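Beneath this line is the structure, given in structure tokens, with notes to follow.
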Amino acid sequence: MSTAGFNSQNGTGTGQSYINGPSQNPVGLQQPPGVGYGMTHQPTYNPMQSKAPLPPGPGLYPSGTYQAVPLVSAYQPGPPPTSYPAAPGQPLLSRPPMGSPASHTPPQSASPSPRPPTAQATPPPPAVSSSSYYPNPQQQQQQQQQQPPLASGWQSNTAPRHMGPPTPMSTPPHGPLTNHVNPATNSTMPLLSGAYSSVPPPPPSAASYGSALPPPPTAAAAYSSAPPANLIHSATQPPGPGMPPTSAQGFTQPAGAAPAPMNPLTPNTYQQGRAPYGPTPTGPPQAMKPAPPPVGPLMSSATPPPMKADAQCGSVVNSTLPPTEPHCQEGDIECPGTVAGNGPQAPNNYNHVDNKMGRHLGHYPSLPPGYQNTSAPHGATSPMHPAMQAATQPYTQAPQPYQQPPVGPGPAQLSPSLAAMSLQSSTPEALRVVNLLQERNLLPPTAIPAPTPCLPQDLQKVNCNPEVFRCTLTSIPQTQSLLNKAKMPLGLLLHPFKDLSQLPVVTSSTIVRCRSCRTYINPFVSFLDQRRWKCNLCYRVNDVPEEFMYNPVSRSYGEPHKRPEVQNATIEFIAPSEYMLRPPQPAVYLFVLDVSHNAVETGYLNVFCQSLLDNINTLPGDSRTKIGFITFDSTIHFYNLQEGLSQPQMLIVSDIEDIFLPTPDSLLVNLNECKELVQDLLKSLPTLFQKTMETQSALGSALQAAFKLLSPTGGRMSVFQTQLPNLGAGALQSREDPNQRASAKDIQHLSPATDFYKKLALDCSGQQVAVDLFLLSAQYCDLSSLGCISRYSAGSIYYYPSYHHQHNPSQVECFQKDLKRYLNRKIGFEAVMRIRCTKGLSIHTFHGNFFVRSTDLLSLPNVNPDAGFAVQMSIEENLDDMQVVSFQAALLYTSSKGERRIRVHTLCLPVVNSLSDIFAGADVQAMTGLLACMAVDRSVTASLSDARDALTNAAIDSLTSYRQSVLTIQQPGMLAPACLRLFPLFVLALLKQKAFRTGTSTRLDDRVFSMSQLKYQPLVYSMLMIHPALYRVDNLTDEGALNINDRTIPQPGMLQLSVEKLSREGAFLMDAGMVIYLWIGRNCNPVFLSQVLGVPSSAAVPDNLYLLPELDTAESQRTRAFIGWLRDQRPFYPSLYVIRDESQRKASFMQNMIEDRTESALSYYEFLLHLQQQISK
């Protein structure tokens, strides 16, 4: 394949490799449409935006010079208070007025227990202006006339008018634009809010939908990566009240036939008075017999059928003929050569099909008269569930065109099952009013489950697993204005390649997809009858292919609703050949190793070589698997591993300015054919550089060489680096001032120092190369710059600060375990992912490690089961006629065995029209995870203080909306619905998280790594990094224990993160995600010490204990089983640190006590008082 053709498939469309990052999206440069899209443009709510410029004075958590103030005083011997103290005159309540100067030295108290007053003042909370909150409508109208509109928000659906200078929270981004935003700017409209306030691509104008289809493009541009502006959205109808596209065929009713039976309460009941869709058809009704296979040559002299425009990829697809040239994008899941139902029919088989196939989801009503002459399968007249039943068009006496059913039901046409679920008739538990200032023990003792969407049982039973696909709001508002009023973020969190114990895998020559929006058939489509199904995203009616009528599981014919594709919300297809542009690439692994003096001193090379030797036979792949090695210091070292050599040959290239490959054909070799040479190299590498004194690091040149080596095939590049690169291309200089780590000033240097690594990452992405970075260093390495190589190439980042094989054995163990998982885990090559949603919803910002190839197509050269993604959404068109909406994520990848596969996840959620229903469906953990991603981007594009203010405002805004719009009886106190009772706690936890905290000495690389993990980790793992879990473990019992694989796993209850929950007589385990602490009290139970740690007293616990001894006692087995169970629940390996009162790591342990005051941050109770003060303004 030529370079031009290959690069054009990855975003530029010009045949040139990436030079300056992604080009401006032509769609984003259009002006927004008028009001013809069914709703007036609402100013969108943006929680990542300041309410007004902050007055001078201390910020939210002011801090002066770092002072060694003890985090806690003495332990209180008395019982802990059951509620917050509220007596007047105590220091916790005697806070200075907002904005007034105050001492930066807080009291030496970390618990809200009563204390004698001290002379030190509480750090004041931020002075947040209340200009956005109005006590009455008249004042609101006056303010709206005086104030400019808010900057475009995270749920933006229109570009804001530029009226005057923006507020400080909407300053233009600094540095290069990140790839997580689809730019939507023009010459008169600056990008106001950086990464968070990106304006989504506007819908196409009315002129885009002409009656004539566009002419077919040329072969070179038929499948361009950037779709034309008029074909971005899946909708192909004129603007107006949501008219779906019509089917290709019309249907007429013979005179005198009786109308078809019809359920008046179905979601898609026909609405009188609506104009017919499409031209009036002529001729007899469509025959129900399967079409015979084509006979004769493929390209006959007959006129081919008209071309249909693919609304997703901007190309023209012939509906019956496969393309004569491979026009499709490399790995594009949107443009298969053969459209479902028209290619050659072939039997299909199911490799691992879920056996739950008895449900009648998506069943169809009795056949309309036009089909009653056709023999229907047994059971075809049984009713489907009313919540998903599509209306059957009643036929009038005179011949009339078949009229497409409307988009969905009106408010008066709800099915009884959903009408009975109205949240307004009785107050559900989610809306129970909680006074946060009075109810102290809000944290549940067990893990918080994801909320269940308010759907009929049959739909919820097959809905997507929330660990894979999750929405911040499980009830979607009908309009953007309603969403703005709720002031909560709307977005999705995905874990698309998660390791699953049960995954139905389908092998079929026909993958059934909607002809209009390319949605894969799923459990939430509607079957109008035996031969037609309606898409649940764009509402187009599609034909059921003949092959899909047969169910090989039940070996029955005529029951398409029982196929596994319609029975499982998560399914994987083995893709046919039309989903490939080139043969699937082999598994290719290239290891790039730092061998400078600093690297040899850390001792990581021995661990790496031994781990690879131990796991070389279990690397994912097949007989085509290739492997190669590059080492570097001030020069680049290649290794000739060609078959037939007696030992590996090292080839040194010293010209790092103009790097070249000395022997291109023998540097990447077949692993099976050259395994002995590879093993010899791994055994000799640690000693080869043992006495090196070379201190320089030419990382940039080594990456350029590795890119040249991998470009022809694609693959995975694993880079191991131990110091700041200081030579050649991509050389960096230290930007960290250790004296400023705890400064009250804003954190600097969160953005990259150079765009070298981003540009190289985009080049890698274009050639299907992903870069994984292992950073093992005690020194500053500028992770904000180096991390770009992984971020934009869909790689992973592993960070081991202060790594040393002797001085830090716990990190050595962690590195070994992580490396084993890394080498053996499942991997997908040359992947792309697209997320679709129901017409009317729009996705506009992505979070994670990837490159946005086109408007909504994510390029993932590698995809791994440990990567998470998040997206932000807005509501572009009112969803008034819809009862449910759906989201579908499709991931196309090449397996390590060379199979092209498509994994599809579909999520269905209800649509509601009341604020109380929206609040009842809020998912507080998903909201926290999405806010964390947004705050990371805000920290980089604006400032850390902006991000912190915006996080606080998010809590204020949502609780203000609840109090003003949902509460019927106004009560004193800090009130929240039960579903949001933990939201202020989680926001405070984010403010104290390593990524966003201030006033505490935090290494810059540690902060940047924490930020990258918040954007990359799936929600279940990132929540532990935000709000750790605390358990008491010195009294573990088998009561309520789990039994897993003949192991008894104790289940202690979770405790609040406060020092008052600790006891000198106990032992407490804190699971903080990446690290686990075991804190031993000074007077800990001697039985626990001897039976678990094998020591007589707490003073005898070693300082650097990181392994629990394997003692043959019940207490030891319970403790080790519990810790092992916690570790098994995540893909990475958290280090264990056993700490005492005198341990150096005690400060890190105490900093995770989120509910307590630290030297520069409020306690949870004080934070609640601050929120209450802002809400009551």
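Data overview
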| read-out | value |
| --- | --- |
| Filtered residues of region 1070-1085 (kept if of a type in the set (A, V, I, L, M) and part of a loop (DSSP other than H, G, I, E, B)) | Ala1072, Met1074 |
| Residue check for Tyr550: free of Cβ contacts under 8 Å to residues at least 24 places away in the same chain and farther than 16 Å from Ala575 by Cβ | yes |
| Strands (runs of 3 or more DSSP E) lying entirely in region 770-856 (those with 1 or more residues that are in contact with a helix residue (DSSP H, G or I) (Cβ under 8 Å, 6 or more places away or on another chain) and modelled with pLDDT of 95 or more) | 797-801, 841-847 |
| Residue match in region 995-1015 (condition: closer than 30 Å to Tyr792 by Cβ and without any contact (Cβ under 8 Å) to a residue 60 or more places away in the chain) | yes |
| Matching residues, region 1086-1133, being open to solvent by 20 Å² or more (accessible area, probe 1.4 Å), hydrophobic (A, V, I, L, M, F, W, C) and in a helix (DSSP H, G or I) | Val1087, Ala1099, Ala1100, Ala1114, Trp1125 |
| Elements of type strands (runs of 3 or more DSSP E) contained in region 860-948, each with 1 or more residues being aromatic (Phe, Trp, Tyr) and either more than 30 Å from Thr713 (Cβ to Cβ) or at pLDDT below 95 (or both) | 884-895 |
| Among the candidates Ala976, Ala950, residue that is over 30 Å from Asp499 (Cβ atoms) and either open to solvent by 20 Å² or more (accessible area, probe 1.4 Å) or in contact with a Phe, Trp or Tyr (Cβ under 7 Å, 6 or more places away or on another chain) (or both) | Ala976 |
| Residue list for region 892-928, restricted to those being small (Gly, Ala, Ser) and farther than 24 Å from Leu1019 by Cα | Ser895, Ser896, Gly898, Ser914, Ser916 |
| For Asn1035: the one exception among (1) within 33 Å of the chain's Cα centre (by Cα); (2) open to solvent by 30 Å² or more (accessible area, probe 1.4 Å); (3) of a type outside the set (A, V, I, L, M, F, W, C) | (1) |
| Total residues in region 634-658, condition open to solvent by 10 Å² or more (accessible area, probe 1.4 Å), of a type outside the set (Ser, Thr, Tyr) and not in a strand (DSSP E or B) | 10 |
| Residue satisfying all of: in region 512-533; touching a helix residue (DSSP H, G or I) at 6+ places or on another chain (Cβ under 9 Å) and outside any loop (DSSP other than H, G, I, E, B); nearest to Gln888 (Cα to Cα) among these | Tyr520 |
| Checklist (1) in contact (Cβ under 8 Å) with a residue 40 or more places away in the chain; (2) out of contact with any His (no Cβ under 9 Å at 6 or more places or on another chain); (3) open to solvent by less than 40 Å² (accessible area, probe 1.4 Å) applied to Asp614, failing item | (3) |
| Selection status of Gly1066, over 31 Å from the mean Cα position of the chain (by Cα) and open to solvent by 40 Å² or more (accessible area, probe 1.4 Å) | no |
| Single residue of region 461-506 satisfying the filter (closer than 15 Å to Asn568 by Cβ and either part of a helix (DSSP H, G or I) or of a type in the set (Ser, Thr, Tyr) (or both)) that is nearest to the chain's Cα centre (by Cα) | Ser501 |
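The values are calculated or read from the model by the stated rules, or taken from the named source; none is laboratory data. This one's a predicted model, so the numbers in the text were calculated from it and none came from an experiment. Here Cβ is always computed from backbone atoms with ideal geometry, including for glycine, and neighbour counts include all displayed protein chains. Accessible surface areas use protein heavy atoms only, side chains included; no ligands, DNA or RNA. Shrake-Rupley method; radii C 1.70, N 1.55, O 1.52, S 1.80 Å.
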